[in-house]
Amino acid sequence: METVSKQLELDKRYIRMASIWAENSYCERRKVGALIVKDKMIISDGYNGTPSGFENICEDENQITKPYVLHAEANAITKIARSNNSSDNATMYVTASPCIECAKLIIQAGIKRVVYSEHYRLEDGIELLKRAGVEVLYVTNDNEQKQ
Ligand SMILES: [Zn+2]
């Protein structure tokens with residue numbers, strides 16, 4: 001019982017860090033942050049935004065998100081591809097529930113656990129993760145006011 005609550009405290013702490021990391025996003029419609037943790041170390045991070053070398057603007061003149069904007073999860077996973085780390089058996093903390101495209105990447109990256117703090121209207125990403133045997137946990141972010 002004690003270890004369960006300790007894990008939950010840790011999960012909530014990382015989610016708060018991910019939400020602080022989301023503030024880096026220059027996207028106006030939505031800011032999402034992600035952290036990848038392995039063996040109690042943060043091995044990668046990401047927030048939604050355009051690819052390296054592109055302008056730091058996510059929305060077009062009609063306030064529609066550009067098709068080449070990467071999600072926070074994709075940025076965190078691809079950052080590992082350029083490092084010496086491995087996401088195998090890692091935990092991902094993300095401030096919003098992953099979409100189906102990111103869920104595919106999470107599965108293929110060998111991530112075994114996903115903790116998120118905000119429900120997205122579509123649950124198909126979460127469903128896919130569960131189907132692949134990834135542990136999925138929803139936690140509330142105590143720093144945010146919930147309606
Ligand atoms: Zn996504």
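Determine the order of Thr50, Thr78 by accessible area, beginning with the largest, at a probe radius of 1.4 Å.
If we order Thr50, Thr78 from most to least accessible, we get Thr78, Thr50.
In terms of modelled amide H atoms, which long-range or inter-chain residues lie less than 5 Å from the amide H of Val136?
Amide H neighbours of Val136: Val114.
With springs only between Cα atoms under 10 Å, which of Ser86, Ser117, Ser19 fluctuates most in a Gaussian network model of the chain?
Looking only at Ser86, Ser117, Ser19, the largest GNM fluctuation is found for Ser86.
Which part of the stretch 15-44 falls in the paramagnetic zone of Lys66, meaning amide N under 13 Å from the point 7 Å along Cα-to-beta-carbon?
Once the point is set 7 Å along Cα→Cβ of Lys66, 26-28 turn out to lie under 13 Å by backbone N, inside the stretch 15-44.
What are the DSSP H helices in the chain that stretch 24 Å or more along their long axis, judged by alpha-carbon atoms, and whose average Kyte-Doolittle hydropathy comes to at least -1.0?
2-21
Given a cut-off of 19 Å, what percent of all Cα-Cα pairs of the stretch 1-85 lie beyond it?
For the stretch 1-85, the fraction of Cα-Cα distances above 19 Å is 45 percent.
Taking every Cα atom in the chain, find the radius of gyration and the maximum pairwise distance Dmax, and write them in Å.
Rg then Dmax for the chain, in Å: 14.8, 52.
What Cys residues in the chain are without a partner cysteine, judged by a Cβ distance under 4.7 Å?
If one checks each Cβ against the other cysteines of the chain, Cys99, Cys102 turn up with nothing under 4.7 Å.
Go ahead and set up a Gaussian network model of the chain, Cα springs under 10 Å, then flag whichever of Met17, Met92, Met41 fluctuates most.
Sorting by GNM fluctuation, first place goes to Met41.
Let me check against my output: what whole-number percent is the relative contact order of the chain, with C-alpha pairs under 8 Å and at least 6 apart?
That works out to 21 percent.
For His119, what accessible surface area do you get with a 1.4 Å probe? Give it in Å², rounded to 10.
Accessible surface of His119 is approximately 100 Å².
For the chain, what proportion of DSSP beta bridges, expressed in % and rounded to the nearest 5, is antiparallel?
Around 60 percent of the beta bridges assigned by DSSP in the chain are antiparallel ones.
Scale the Cα Rg of the stretch 1-42 by the rule-of-thumb value 2.2 N^0.38 Å and send over the ratio, two decimals.
My calculation over the Cα atoms of the stretch 1-42 gives 1.40.
Just the accessible area for Ile64, please: 1.4 Å probe, Å², rounded to the nearest 10?
90 Å²
Considering amide H positions built from the backbone, and no H for Pro or chain starts, which residues 5 or more places from Cys58, or on another chain, come under 5 Å of its amide H?
Glu28
Any idea how far apart Ser83 and Asp124 come out in nm if each label point goes 7 Å out from Cα toward Cβ?
If labels sit at Ser83 and Asp124, their model points lie 3.1 nm apart.
With a 10 Å cut-off between alpha carbons and a GNM built on the chain, which of Gly133, Gly53, Gly125 moves the most?
Taking springs between Cα atoms under 10 Å, the residue moving most is Gly53.
How much accessible area does Lys79 have with a 1.4 Å probe, in Å² rounded to the nearest 10?
Number for this one is 80 Å².
The values are calculated or read from the model by the stated rules, or taken from the named source; none is laboratory data. Note that the structure is predicted; figures quoted are calculated from it, not measured. Please note: Cβ atoms are built from the backbone with ideal geometry, for glycine as well, and neighbour counts cover all protein chains shown. Calculation scope for accessible area: heavy atoms of the full protein, side chains included, ligands and nucleic acids excluded. Shrake-Rupley method; radii C 1.70, N 1.55, O 1.52, S 1.80 Å.
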